[in-house]
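What follows is a short report on a single structure.
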Amino acid sequence: MLEVLSNSDKQWLQEINIDEPRLKLLAKESTWLKLLHYRKRYFFSRDKSDADSASFFLSSDGKYSPEKELLATLLAFNPKSSLRVKWPTEGLRADFGGTESHPAQCAFPMRYIYFVEDLGIPIPKVDCPDFQKWIKDYRASAISLVFAAPYFGSPASIFGHTFLRVHTSRSNQEKSEDLLSYAVSFEAFKGGDSSSLMIIKGLTGFYPGMFYQYPYYMKVSNYTDIDSRDLWEYELNLDQSEVKRVLAHLWEVSRANFNYYFFDENCSYHILALLEAAKPSWNLRSRFSIDAIPLDTLKAVLSQENAVRKTVVRPSLLRILRDRMTLLSDEERGQFYRWKSNPQEISQFSPPTLSPHLVDAMIDWQKYQAVSSGKKLDEVAGQIPVKLLSLRAKTKGTSADPQEILGRSGLALDPPESAHPSRKFGLFLHHTDVDNRFIGKLRVAVHDILDEERGYLNYSELTVMQLAGSYGLKTKKFRLEELVPARVMNLRPFDRIQKGLAWKVGGGVFRTENFESCKESCLIGEFRGGGGIAFELIPQRLLFFSMANAAFQATGRFVRSVRLGAGPEVGVFVKPLSFWRIFGTFDWLQYVPRFEASPVGEKTLNVGHSFQLEGLTSGTFAGQSEIRIQKQWFSSKGLVRRNFSVGFTRHF
Amino acid sequence: MRIKGILVAVFSLFVLSTASFAASTGDAGCGLGSVIFQKNSKLSQSLALTTNSTFLNQLFGITSGTSNCAAKGLVKNDAELKYYAEANLPSLKVDVARGSGESLVALAQIMGCSKDRVAHFSATAQSRFESLFPNDQITAADFVTQAEHELSGVCQSNGA
């Protein structure tokens, strides 16, 4: 392919010792492919770059051919080349750049570093005043990988989020306060679309994603205040030249969009590109060809040798409030709850008689209310009354430092990386009234209430893609037992600080014997949701809940076999020992419409046990058993069906 | 499809930037004040799947854009106090009342205090809470004016 080049181009390639064989070899180098965001594809698609902007490539075929892109880049990097590159002036990335045009080396400084420093290709340097000024203004000294804890309030946040924090210095060389450093995050721009459109587009790659930069205080107030999520910062072991590489690659990717796909090409996946540019020996993205769960990408980074220098956790606003509450006496706590219901009583108190901790707790509560109020930024501060704050300003005593009281509330504070692996499979022996079966179950993500809860939200379930198949010992046939695309449950304990709803929602296809028309068994599609209340009687160990559920069921075979059911549910979670968990539920569904031969209602008792057997191998084994007793009754006679299963599960 | 997406985006960007300028009076602020501080869990956004924050999405064009206050993702030096106050007023109000807190320490740094002057700055700010926040209608711009008036010289006084 080099024969068609001009003489000057051929001469340039000779000067830098690049011939066709070397070009072909270098085009396959993993670091080159990583810088191009190239990815191996499976299923109906050829290998290509994740970048979806022409501005990311110097060759018109750059997205599909790393070789052509390599050649185009090498030629463009010739200091004698007249090629000038501009920032995109239209579309979404026009926000970042200006109207400057520069030599190719200045648009792709990380590629330049790679060629010259990593590969030793002797390309003379060209002056890049804009890039140099930007790096200089950044005054970057270190980089942390930040993990925002999962948040069940929004599907987008349910797996958590990762981004980078660039530590900076001030112009006088003093280290910047953390809040004044910068966050670098990959996010999707969804314009003014409605909520329903967002789901479809987010899943199918219709939103352009890009690398944003924010002053860190924006991210802190967004996550710890508004969302009330903990932030975990992992300061990475990168030296100055590696920090520069991250910024050089950030400069490159800031000219491009990358279509956002919620499951695989999401925030946590793309941020790894910046770290791989810094550390060519780190293979991060290649592990995430199917899906990229933020927690897993975090673990991938932490598993690199000597990756982390220091870990810091920034507590959420509600966690700080709960920790502060432990500093109050019983009387002060009573006072807090009285104020909480009657904020106007503030005027009755005067400073000398008050403890600063009490006023601080009230302030945290008011701040939480203010940031949750959905008002414009301009108006939020006004929601925290000066009356209350003046009182504090006149009260003697120092406020407790959130870091010093961290953990006092007893609320679990396990580091995210201690969480069990995302996937799970299980093998069970299942006994029914009709047959005995072997069941194999596989779950792609992530957690259920019988799993070890360290690093996850207590009393929660987040199931994505669970599949179960079975083999009947009597019938000698395989069949599908269940297929659950998604199911979420959050049995948040009710307390006076956060009066929350316990809820669950989800659906899938299940094997059942409870449609009269089923001979032995049939598959029904079910979508179920419920809401109610949960009370934690012994912290981490005993929880009761009660809910009202509605379920919609249908079998494919008979179009008119569709029914709607509703009814109450009660349940208990108990952990008698650290490795033994029990979850029992009893629910009752009444169905409409009432067909003559169909059940009018159904009562189900379900009790599951898990025994965690850690330490046997690097994964987590659990002995898991489940007893399920189901009763259904018809208008004329009752019919009881019983199932029992026992088996092993393992996370991997 | 893509063109439509780009058009929607560019239109939104246009609307956002004009809206932010329309909201300010006199000395144009950084336009952050008109952004809605919105929790993820609001029912209307409950099905948002694509980003982790609808709040931050509205900042597009203001944070990384070539606006008054930021260029290439970095806040411009002369806009630093304005930008910070607009984004942090709730935390600042609280920290000044307490005489401590990260937001107040960051303010001290922005206003030129070296580390050893921060405690003095914080205590002074607390003692001047009522001048800095006389009422609940104080805007970020008001606060910046007051802060410059009340706190500018504090870092330098008593030498160092």
Options A:Ser141, A:Ser82; residue that is part of a strand (DSSP E or B) and either away from chain B (no Cβ under 13 Å) or closer than 29 Å to A:Leu180 by Cβ (or both):
A:Ser141
A:His357 vs (1) free of Cβ contacts under 8 Å to residues at least 24 places away in the same chain; (2) at negative phi: all pass except (1)
Exclusive hit being modelled with pLDDT of 95 or more, open to solvent by less than 60 Å² (accessible area, probe 1.4 Å) and within 27 Å of A:Thr512 (Cβ to Cβ), set A:Gly565, A:Gly532, A:Gly525:
A:Gly532
Considering each residue of segment A:103-131, count those that are at positive phi and in a helix (DSSP H, G or I), and give that number.
0
Return only the number of the condition from (1) modelled with pLDDT of 95 or more; (2) over 16 Å from B:Lys82 (Cα atoms) that B:Gly159 does not satisfy.
(1)
Of the residues in segment A:281-301 that are surrounded by fewer than 16 Cβ atoms within 10 Å (Cβ to Cβ) and of a type outside the set (Ser, Thr, Tyr), the one that is nearest to the other protein chains (Cβ to nearest Cβ) is A:Ile290
Residue under question is A:Gly374, and the condition is that it be more than 26 Å from B:His120 (Cα to Cα) and outside any helix (DSSP H, G or I); does it hold?
yes
Checking A:Ser228 against (1) within 11 Å of chain B (Cβ to nearest Cβ); (2) modelled with pLDDT of 85 or more; (3) in a helix (DSSP H, G or I); (4) open to solvent by 10 Å² or more (accessible area, probe 1.4 Å): exactly one of these is not met. Which one?
(3)
Does at least one position in segment B:121-139 carry a residue that is assigned to a helix (DSSP H, G or I), at pLDDT 90 or above and among the acidic types (Asp, Glu)?
yes
A:Ser171 - would you say it is facing chain B (nearest Cβ under 10 Å), touching a strand residue (DSSP E or B) at 6+ places or on another chain (Cβ under 7 Å) and not charged (D, E, K, R)?
no
Cβ-Cβ under 9 Å pairs, at least 6 apart or on other chains, segment A:368-385 side without any contact (Cβ under 8 Å) to a residue 12 or more places away in the chain and on the phi > 0 side of the Ramachandran plot, far side surrounded by fewer than 21 Cβ atoms within 10 Å (Cβ to Cβ) and β-branched (Val, Ile, Thr)
A:Gly374/B:Ile36
Against the definition (buried (at least 23 other Cβ atoms within 10 Å of the Cβ) and among the hydrophobic types (A, V, I, L, M, F, W, C)), how does B:Leu151 come out, yes or no?
no
From the residues in segment B:79-121 that are among the polar types (S, T, N, Q) and under 19 Å from the mean Cα position of the chain (by Cα), which one is farthest from A:Thr395 (Cα to Cα)?
B:Gln109
All conditions in (1) within 14 Å of chain B (Cβ to nearest Cβ); (2) among the hydroxyl-bearing types (Ser, Thr, Tyr); (3) farther than 18 Å from A:Ile226 by Cα; (4) buried (at least 20 other Cβ atoms within 10 Å of the Cβ) are true of A:Ser422 except (1)
Would you confirm whether any residue within segment B:63-82 is buried (at least 20 other Cβ atoms within 10 Å of the Cβ), more than 7 Å from chain A (Cβ to nearest Cβ) and at pLDDT 85 or above?
yes
Residue check, B:Val105 open to solvent by less than 10 Å² (accessible area, probe 1.4 Å) and either assigned to a helix (DSSP H, G or I) or farther than 24 Å from A:Ala361 by Cα (or both):
no
Filter segment A:194-215 down to residues that are more than 7 Å from chain B (Cβ to nearest Cβ) and more than 19 Å from the chain's Cα centre (by Cα) and give me whichever is modelled with the lowest pLDDT.
A:Ser194
Only listed residue being more than 14 Å from chain B (Cβ to nearest Cβ), surrounded by fewer than 21 Cβ atoms within 10 Å (Cβ to Cβ) and modelled with pLDDT of 90 or more, chosen from A:Ala277, A:Ala307, A:Ala273
A:Ala307
Any residue that is farther than 25 Å from A:Ile226 by Cβ, within 14 Å of chain B (Cβ to nearest Cβ) and open to solvent by 20 Å² or more (accessible area, probe 1.4 Å) - is there at least one of those in segment A:437-451?
no
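Name the helices (runs of 4 or more DSSP H) wholly within segment A:265-348 that hold at least 1 residues that are more than 30 Å from A:Met210 (Cβ to Cβ)?
On the way: elements: A:267-278, A:294-302, A:317-325, A:330-341.
The qualifying helices (runs of 4 or more DSSP H) are A:317-325, A:330-341.
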Selection status of A:Leu391, more than 30 Å from B:Gly31 (Cα to Cα), buried (at least 18 other Cβ atoms within 10 Å of the Cβ), more than 26 Å from the chain's Cα centre (by Cα) and in contact (Cβ under 8 Å) with a residue 12 or more places away in the chain
yes
Residue pairs, Cβ under 8 Å, 6 or more apart or interchain, first in segment A:402-417 and in contact (Cβ under 8 Å) with a residue 40 or more places away in the chain and open to solvent by less than 50 Å² (accessible area, probe 1.4 Å), second among the hydroxyl-bearing types (Ser, Thr, Tyr) and outside any helix (DSSP H, G or I). List them.
A:Ile405/A:Thr326; A:Ser409/A:Thr326; A:Pro415/A:Thr311
Name the residue, out of A:Thr463, A:Thr475, that is polar (S, T, N, Q), buried (at least 20 other Cβ atoms within 10 Å of the Cβ) and at pLDDT below 95.
A:Thr463
Just to be sure I understand, how many residues within segment A:405-432 are of a type outside the set (Ser, Thr, Tyr) and more than 30 Å from A:Thr326 (Cβ to Cβ)?
10
Conditions (1) open to solvent by less than 50 Å² (accessible area, probe 1.4 Å); (2) within 13 Å of chain B (Cβ to nearest Cβ): number failed by A:Tyr337:
(2)
Suppose we filter segment A:104-163 for residues that are buried (at least 24 other Cβ atoms within 10 Å of the Cβ), more than 30 Å from A:His447 (Cβ to Cβ) and among the hydrophobic types (A, V, I, L, M, F, W, C); how many remain?
2
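The values are calculated or read from the model by the stated rules, or taken from the named source; none is laboratory data. Everything quoted here is computed from the prediction, not taken from an experiment. Every residue, glycine among them, receives a Cβ derived from its backbone with ideal geometry; neighbour counts consider all protein chains shown. The accessibility values were calculated without ligands, DNA or RNA, using every heavy atom of the protein model including side chains. Shrake-Rupley method; radii C 1.70, N 1.55, O 1.52, S 1.80 Å.
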